[in-house]
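Colleague: Pasting a structure below so you can have a look.
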Amino acid sequence: MKEVTVTARTAARPTGSGTRGILFVHSAPSALCPHVEWAVGGVLGTPVSLDWIPQPAQQGTYRAELSWAGAAGSAAAVASSLRGWNHLRFEITEEPTSSSEGSRYSYTPELGVYHAVTGLHGDIMIPEDRLKAAVVKAALGDTTLLVEIDKLLGKPWDDELETFRHAGDGAPVRWLHQVV
């Protein structure tokens, strides 16, 4: 996985507080790959060259990963620059800092952008007003509480992206070790 360090001057909201994250481009047609690199590099303020590998889940598309470090808000700026592109699927994460929460953005052409605030351990933190709105919608009979909670947790995005998350042969693998 490639790694890029971002300076505070290039971040969307320079706070002096550094963070890091990972961009997962799950699928992009070959013609779109250089445009993704240019857009991400433009936001991060440094040239980006990704190692594109074929995406077996969708013929003719490619996937790539980028580890980055920079100022808080960089993930939001990258997600904003990539959203709305047909045939592109991506996720970007940003770790929390002492002065900001973490973030996770997911994007699919069919569903658009999903944003979640994440806590120290990666848990999705749902604001009280969004939970109250879900309960009201369910009480009015517009939907069920389970459907609304699934939306708040990003389940529709996870369901659509799950196939693309499994890269197939030759993809970089990150082994997670349990610490007891």
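Colleague: From Cα pairs below 8 angstrom and at least 6 apart in sequence, can you work out the relative contact order of the stretch 2-165, rounded to a whole percent?
Modeller: Working: 325 pairs, mean separation 37.6, N = 164.
After rounding, I find 23 percent.
Colleague: Summing +1 for each Lys or Arg and -1 for each Asp or Glu, what net charge is found among the other residues whose Cβ lies under 9 Å from the Cβ of H26? Kindly include the intermediate steps, with their values, before the conclusion.
Modeller: Numbers: positive: R63, R89, R165; negative: E91.
Computed value for this residue: +2.
Colleague: When the distances between all Cα atoms of the stretch 2-165 are binned every 10 Å from zero, what whole-number percent does each bin get?
Modeller: The percentages, shortest bin first, are 11, 36, 33, 16, 4, 0.
Colleague: Could I ask something else about it? Can you work out ³J(HN,Hα) from phi for every residue in the stretch 80-91, in order, using Karplus 6.51 cos²θ - 1.76 cosθ + 1.60 and θ = phi - 60°, giving whole Hz and x for Gly and Pro?
Modeller: Once rounded to whole Hz, the list reads 5, 6, 9, 5, x, 7, 4, 6, 10, 10, 8, 9.
Only the coordinates and a few stated rules stand behind these numbers; no lab work does. Keep in mind it's a predicted model, so treat the numbers as computed, not measured. Backbone-built Cβ (ideal geometry, glycine too); neighbour counts: all protein chains shown.
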